[in-house]
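*Asks:* Below is one structure. I have some questions about it.
The values are calculated or read from the model by the stated rules, or taken from the named source; none is laboratory data. Source: prediction; values computed, not measured. Cβ atoms come from the backbone with ideal geometry, glycine included; neighbour counts cover every protein chain shown.
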Amino acid sequence: MLQPMVESIPKVRSVRGPRRSKPAKLRADKGYDFDVHRRWLRGRGIVPRIARRGIEDPTKLGRHRWKIERTIAWLTGYRRLTIRYERHGRLFAAFLQLAAAITCYKKLPT
């Protein structure tokens, strides 16, 4: 599932120049440590930062991964997102967008 996920990344507007269509680096945990993934990423011009199985300490990747974990923790502070009550995915996505907007608003400097 790594390849479809990377291919579905939308173009990002940059301050100057054309829109970037791919990330410069990709960080992943040991579950993605396969030569096929590394070769595919390098072929697309993306630097793979994938922890190696049995070699690297998991705390090294954690230095960068804590930002993602922190953001997920902020979103799970909303009970409706933690325990999904909605039957339709579009309603869950709407509540997720609302929670992200509220979280961003709270983090803005006043």
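*Asks:* I'm told His88 meets every condition in (1) at pLDDT below 75; (2) surrounded by fewer than 10 Cβ atoms within 10 Å (Cβ to Cβ) except one. Can you identify the failing condition by its number?
*Replies:* In the conditions (1) at pLDDT below 75; (2) surrounded by fewer than 10 Cβ atoms within 10 Å (Cβ to Cβ), His88 misses (1) alone.
*Asks:* Report the residue count in the stretch 41-55 for those that are surrounded by 15 or more Cβ atoms within 10 Å (Cβ to Cβ) and either farther than 14 Å from Pro23 by Cα or among the aliphatic types (A, V, I, L, M) (or both).
*Replies:* 4
*Asks:* Could you grab me the full set of residues in the stretch 1-48 that are modelled with pLDDT under 85, assigned to a loop (DSSP other than H, G, I, E, B) and either over 15 Å from the mean Cα position of the chain (by Cα) or basic (Lys, Arg) (or both)?
*Replies:* Residues satisfying the conditions are Lys11, Arg13, Ser14, Val15, Arg16, Gly17, Pro18, Arg19, Ser21, Lys22.
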